Amino acid sequence: MKRPPLLLCLLCLFGSPATADTSPPGHALASAHPAATKAGLEVLNDGGNAFDAAIAVSAVLGVVEPYGSGLGGGGFFLLHDSARNYTTMLDARERAPLAAHRDLYLDADGNVDRDRALNGPLAAGIPGIAAAWGHLAKHYGQLPLTRTLEPAIRHARDGVPLNPKLERAMTARAEAFLRYPASSIFAPDSPALSSGKRVVQTDLASTLNLLAEQGAQAFYRGSLAETLVAEVRDNGGIWSRQDLEQYRVVEREPITIQWRDAEIVTVAPPSATGVMLAQIFHMLGDDWLDGSDRDDRTHRLIEALRRAYLERARHLGDPDYVDVPLQRLTSMEYARKLMEDFDPERATRSNSLYAAEPEVGHTTHFSILDRDGNWVSATLSINGLFGSGFVVPGTGVLLNNEMDDFSAKPGAPNLYGLVGSEANAIAPGKRMLSSMAPTAVYHANTLALLGTPGGSRITTMVMQGILQFLQGAGAESLVTSPRLHHQALPDKVFTEPDMVVDRERLEAKGHIFEVTEPWGNMQVVVWNTHEVRLDAASDPRGIGSAKVEALYASD
Ligand code: DON
């Protein structure tokens, strides 16, 4: 790959972001599991592009991290097609079944039945991952699904070796697996496991093979679709054939935020995070990074987070169903209004609503940059740990419990302690609001691709990653740095043990602190066009891996 030095020099003169005119010196990939990183690199070395690699990586992640994402789930892919200089958000978010309604999870007393919202097929939205693979392969990729799905099929058939993370997750969901015979492949005491110490997913291998041979639409029509619908209904769910037939992925325009001299490209609704990041950065103001008093800056940051999370609860939902005035909500003027009652000396109170402590579920992220400058940043999910815990018999497909991301009742907290309003109420065919935020940042001739799981904490992790990157931090520090979180309700600042804050001073302003276990699993790729350098890093809190492969051959 040739890189004219003059062009690089011009770019550094004008401080432009990495553009389609330059090419990386190789490719780079970070994902939450070494087997997925390996599969992605093999596809890239086999003539595939970043989009082919994204199919391979997401398919393998669904098999080797069955607790986090998969064919029974959905997610968002942020894509950049370098030849067309085109960036888009591929929305493969689950949709509510057509028979769903506002009060689906309310019991006779009008309370939310948490068990039905989280466990079994009634908790599952209509999955989008297979449709995303079909769309990526048809419009962006170069290789057939028979090639890109091959590593996932192999891992499902040969079995996934146990690791402590997988074992812990299996134990945590053991009770749900007991309810459904086909889910016993994940039960900690399953015979297959005790013999080989591997999780073998034979039915899933056959299902993936069917999609590879017949195309991704085989998930939504034909015999596989019929089995999915029949089994869901037999086990208390409400899917219909129309639900699967009508499912479509949507390409949406990403949200672009200009802050200082950076350009942040991120998700639009039905993810809340893009709108919230725009609000947070505008509330911080352009001079926030220049402030000399760290605790004053932290105070302003927490107050901005509080307001953004309250905004999320009030206004955000699926834009195909509710009016989300993006222009207004993400404007500087609106952010100024939100900060009108900001007091530099006192914490504002969120209000007295009760919200549950967030539980940590699972989800996954990967970032890929190929040698042509195409990139993918994707966050995919089945929501909670092992989703609904329901494996559809005969298919190996583990269904999500993403319906819990709707607001089941105004003011009632979900798995992540998030509350919502009418904008995120359940409606037939509607997409549930998300926090997932695959993101790209252009700054000083450098591009960073980042994202992470973490439910409601995704927004604050991505925000901190962006802030660190803008202060010159590399991939490694983005994934390792200690984290802080506030989501309005509960009205507390959560910090990881190593986070440095002057607690006493901030407590004196009225903030309440709680130190918790570390969270997140960020995967980052950084491309510096000025120094012609690639970097990638995987969060040490997880078990993932990151790799850069420099290509010298054609130079
Ligand atoms: O879409 C969302 O916001 C959630 N379903 C994501 C869940 C998640 O990140 C769990 N991770 N720990």
task: Taking a cut-off of 16 Å between Cα atoms, list the aspartates and glutamates near residue 509, but don't count ones fewer than 8 places away on the same chain.
output: 293, 295, 296, 303, 341, 343, 345, 491
task: Would you mind getting the accessible area per residue of segment 51-103, heavy atoms of the protein chains only, 1.4 Å probe, in Å²?
output: 19
- prompt: What is segment 43-161 by shape, rounded, prolate or oblate, if you read a ≥ b ≥ c off the alpha carbon gyration tensor as root eigenvalues and call it rounded for a/c under 1.5, prolate for a/b larger than b/c, and oblate otherwise?
  reply: oblate
task: Using the Cα centre as the reference, give the magnitude of the dipole from point charges on the C-beta atoms of segment 472-545 (Lys, Arg: +1; Asp, Glu: -1; all else neutral), rounded to the nearest 20 debye.
output: 140
query: Do the alpha carbons of any pairs in 138/547; 165/409; 165/547; 165/492; 38/165; 165/197 sit beyond 24 Å of each other, and which pairs?
result: 138/547; 165/409; 165/492
message: Quick check: net charge around residue 167, other residues with Cβ under 15 Å of its Cβ, Lys/Arg +1 and Asp/Glu -1?
response: +3
- line: Charge tally for neighbours of residue 129 with beta carbon under 11 Å away, counting Lys, Arg as +1 and Asp, Glu as -1, is 0
- line: Summing -39500 (n - 2.57) over every DSSP H run of at least 4 in the chain, dividing by its residue total and rounding to the nearest 500, the 222 nm mean residue ellipticity is -9500 deg cm²/dmol
field: Highest-first arrangement of 511-521, 442-452, 124-134, where packing means the average Cβ count within 10 Å
entry: 124-134, 442-452, 511-521
field: Cα convex hull of segment 16-110 - mean projected area over all directions, nm²
entry: 10.0
Charge context of residue 459, other residues only, Cβ under 13 angstrom, K/R +1, D/E -1: +4
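Using the Cα centre as the reference, give the magnitude of the dipole from point charges on the C-beta atoms of the chain (Lys, Arg: +1; Asp, Glu: -1; all else neutral), rounded to the nearest 20 debye.
On the way: 50 positive and 67 negative charges, 114 e Å.
In debye, rounded to 20, the chain gives about 540.
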task: For residue 347, enumerate residues with amide H under 5 Å from its amide H, sequence gap 5+ or separate chain, H modeled in the peptide plane.
output: 510, 511
- request: May I ask you to give the percent of accessible area on segment 264-363 that is carbon plus sulfur, with a probe radius of 1.4 Å?
  value: 48
- line: Ignoring ligands and nucleic acids, residue 533 exposes an accessible area, probe 1.4 Å, in Å² to the nearest 10, of 120
- prompt: Taking θ as phi - 60°, what are the ³J(HN,Hα) couplings along segment 516-523 by the Karplus curve (6.51, -1.76, 1.60), each to the nearest whole Hz, with x for Gly and Pro?
  reply: 10, 4, x, 9, x, 7, 7, 10
Cα pair distances exceeding 47 angstrom across the chain, given as percent: 8
- prompt: Per residue and in Å³, how big is the convex hull formed by the alpha-carbon atoms of segment 465-555?
  reply: 117
field: HN-Hα J in Hz across segment 479-489 - Karplus 6.51, -1.76, 1.60, θ = phi - 60°, x for Gly and Pro
entry: 7, 8, 3, x, 10, 10, 8, 9, 10, 6, 10
message: Just want to confirm a number: the relative contact order over the chain, from Cα pairs under 8 angstrom separated by 6+ residues, in percent.
response: 25
query: If packing is taken as the mean number of other Cβ atoms within 10 Å per residue, what is the order of 173-179, 226-232, highest first?
result: 226-232, 173-179
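The values are calculated or read from the model by the stated rules, or taken from the named source; none is laboratory data. Note that the coordinates shown come from a computational prediction; the quantities given were computed from them, not determined experimentally. Note that we place each Cβ from the backbone using ideal geometry, even for glycine, and neighbour counts take in every protein chain shown. Heavy atoms of the whole protein, side chains included, go into the accessibility calculation; ligands, DNA and RNA do not. Shrake-Rupley method; radii C 1.70, N 1.55, O 1.52, S 1.80 Å.
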